[in-house]
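Notes for the one structure printed next.
The values are calculated or read from the model by the stated rules, or taken from the named source; none is laboratory data. Just so we're clear, the structure is a prediction, and the values are computed from it rather than from any experiment. Note that each Cβ is placed from the backbone with ideal geometry, even for glycine, and that neighbours are counted across all protein chains shown.
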Amino acid sequence: MMLSVNRVSGGYLTRKIIRDISFDLHTGEIIGLVGLNGAGKSTTLRHIVGTLKPMDGEVTINKQDWYSQRDKLALIPDKPHLYPNLTVYEHFEFIKRLYQINTDDYLNTLVDRYLIRTHINKYPYALSKGTQQKVSIISAMISSPTFLIIDEPFMGLDPRGLKYFTEDLIRLKKESVGIILSTHMLNIAESLCDRIIVLHEGHQKSYHDIPYLTADHLKDVTLEDIFFSIIEEKR
């Protein structure tokens, strides 16, 4: 199964933020979306999940219109969007009912793995940013998505949460989930991703496999070096 972004341009109202973005995301792979602040990463992801409508181009899943296939997508946003009047437990129950799934064993494993058992009956206002992020991560994973769209998820995580989340991304990839990961953390992108898309000032500057970018003759060059070379940014 494949999610395709086909020459998508768009933004807010009449202002284009991204222009002519094209790539394919297959199940069982992780694509990294990297770029400076304001490069258009979050805007690109919002077009993929449907919170923004492309001004030009289209997003399809298996060549079908995005809207008819939207239940195959899950989003982990850069800032957790939790319902203020629902407890953590009620958030999970809402997801289970929405997707008509029974994931109690999996949910309990994740709750213990991310150490939020003691927060299960709390409301969002009583949670730290990191704990809210963990709730958002678990909510997306228990929906059993075909494609997982992730926008800067690492910033609020503690070292344990970061370790387990990266391990879970590798596991989900092995379980044939397609993942697109927007991040500033180039070392994580290099270790996790099969391919890298570089965005700069709303334009797609590069789209390559990691082995291509780190070929033998570039074995001493890091993804960070390549990134700055691509966008011609002086450090």
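Conditions: (1) touching a residue at least 40 places away in the same chain (Cβ under 8 Å); (2) closer than 17 Å to ILE76 by Cα. LEU115 meets all but one. Number of the miss?
(2)
Of all residues in region 118-139, which are among the aliphatic types (A, V, I, L, M) and surrounded by 20 or more Cβ atoms within 10 Å (Cβ to Cβ)?
As a first pass, look at region 118-139 and keep what is among the aliphatic types (A, V, I, L, M): 120, 126-127, 135, 137-138.
Once the filter is applied, which keeps residues that are among the aliphatic types (A, V, I, L, M) and surrounded by 20 or more Cβ atoms within 10 Å (Cβ to Cβ), region 118-139 yields VAL135, ILE137, ILE138.
Tally the residues that are assigned to a helix (DSSP H, G or I), under 25 Å from the mean Cα position of the chain (by Cα) and either modelled with pLDDT under 95 or among the aliphatic types (A, V, I, L, M) (or both), restricting the search to region 107-129. Talk me through it step by step, then tell me what you get.
Here is the first cut: in region 107-129, the residues assigned to a helix (DSSP H, G or I) are 107-113, 117-119, 124-126, 129.
From the residues that got through so far, the ones that are under 25 Å from the mean Cα position of the chain (by Cα) too are 107-113, 117, 119, 124-125, 129.
Now restrict to residues that are either modelled with pLDDT under 95 or among the aliphatic types (A, V, I, L, M) (or both): 107, 110-111, 129.
The total comes to 4.
What residue, of HIS200, HIS184, is within 25 Å of PHE228 (Cβ to Cβ) and within 13 Å of the chain's Cα centre (by Cα)? Lay out the reasoning, then the answer.
Details: HIS200 fails: within 13 Å of the chain's Cα centre (by Cα).
The match here is HIS184.
Please state which one of GLY156, GLY161 is in a loop (DSSP other than H, G, I, E, B), buried (at least 17 other Cβ atoms within 10 Å of the Cβ), small (Gly, Ala, Ser) and touching a helix residue (DSSP H, G or I) at 6+ places or on another chain (Cβ under 9 Å).
After ruling out the rest, the residue left standing is GLY156.
Conditions (1) touching a Leu at 6+ places or on another chain (Cβ under 7 Å); (2) more than 20 Å from CYS193 (Cα to Cα); (3) in contact (Cβ under 8 Å) with a residue 24 or more places away in the chain; (4) buried (at least 22 other Cβ atoms within 10 Å of the Cβ), marked per residue:
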{"residue": "SER4", "(1), (2), (3), (4)": "no, no, yes, no"}
{"residue": "ARG7", "(1), (2), (3), (4)": "no, yes, yes, no"}
{"residue": "GLY10", "(1), (2), (3), (4)": "yes, yes, yes, yes"}
{"residue": "PHE23", "(1), (2), (3), (4)": "no, no, yes, no"}
{"residue": "LEU36", "(1), (2), (3), (4)": "no, no, yes, no"}
{"residue": "GLY40", "(1), (2), (3), (4)": "yes, no, yes, yes"}
{"residue": "LEU45", "(1), (2), (3), (4)": "no, no, yes, yes"}
{"residue": "LEU52", "(1), (2), (3), (4)": "no, yes, yes, no"}
{"residue": "LYS72", "(1), (2), (3), (4)": "no, yes, yes, no"}
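Looking at GLY57, GLY50, GLY35, can you tell me which residue is modelled with pLDDT under 95 and in contact with a strand residue (DSSP E or B) (Cβ under 7 Å, 6 or more places away or on another chain)? Before you say what the answer is, go through the steps one by one.
Details: GLY57 fails: modelled with pLDDT under 95; GLY50 fails: in contact with a strand residue (DSSP E or B) (Cβ under 7 Å, 6 or more places away or on another chain).
Criteria check complete, one pass: GLY35.
So for region 82-97 (the condition being of a type outside the set (S, T, N, Q), touching a helix residue (DSSP H, G or I) at 6+ places or on another chain (Cβ under 7 Å), surrounded by fewer than 20 Cβ atoms within 10 Å (Cβ to Cβ) and in contact (Cβ under 8 Å) with a residue 60 or more places away in the chain), does at least one residue qualify?
no
Please count how many residues of region 40-57 are in contact with a helix residue (DSSP H, G or I) (Cβ under 6 Å, 6 or more places away or on another chain) and part of a helix (DSSP H, G or I).
Result for region 40-57: 0.
Note down all Cβ pairs under 8 Å where the first residue falls in region 58-69 and is touching a residue at least 40 places away in the same chain (Cβ under 8 Å), the second is part of a loop (DSSP other than H, G, I, E, B), and they're at least six residues apart or on different chains.
VAL59/GLY50; ILE61/MET1; ILE61/THR146; ASN62/MET1
Go through ILE137, ILE179 for me and flag whichever is in a helix (DSSP H, G or I), of a type outside the set (Gly, Ala, Ser), touching a strand residue (DSSP E or B) at 6+ places or on another chain (Cβ under 6 Å) and under 21 Å from ILE95 (Cα atoms).
ILE137
Between residues in region 148-161 that are among the aliphatic types (A, V, I, L, M) and modelled with pLDDT of 95 or more and residues that are buried (at least 19 other Cβ atoms within 10 Å of the Cβ) and assigned to a loop (DSSP other than H, G, I, E, B), which pairs lie under 6 Å by C-beta distance while being six or more apart or on different chains?
Close Cβ pairs (under 6 Å, with a partner that is buried (at least 19 other Cβ atoms within 10 Å of the Cβ) and assigned to a loop (DSSP other than H, G, I, E, B)) amount to LEU148/VAL177.
Does HIS217 count as assigned to a strand (DSSP E or B) and either crowded, with 19+ Cβ neighbours inside 10 Å or modelled with pLDDT under 80 (or both)?
Numbers: assigned to a strand (DSSP E or B): no; either crowded, with 19+ Cβ neighbours inside 10 Å or modelled with pLDDT under 80 (or both): yes.
The answer is no for HIS217.
Taking region 58-100 on its own, how many of its residues are within 30 Å of ILE120 (Cβ to Cβ) and not in a loop (DSSP other than H, G, I, E, B)? Write out each step before concluding.
Let us first name the residues in region 58-100 that are within 30 Å of ILE120 (Cβ to Cβ), namely 70-100.
Of the ones still in play, those that are also not in a loop (DSSP other than H, G, I, E, B) are 70-76, 88-99.
Going through region 58-100 one residue at a time, the tally reaches 19.
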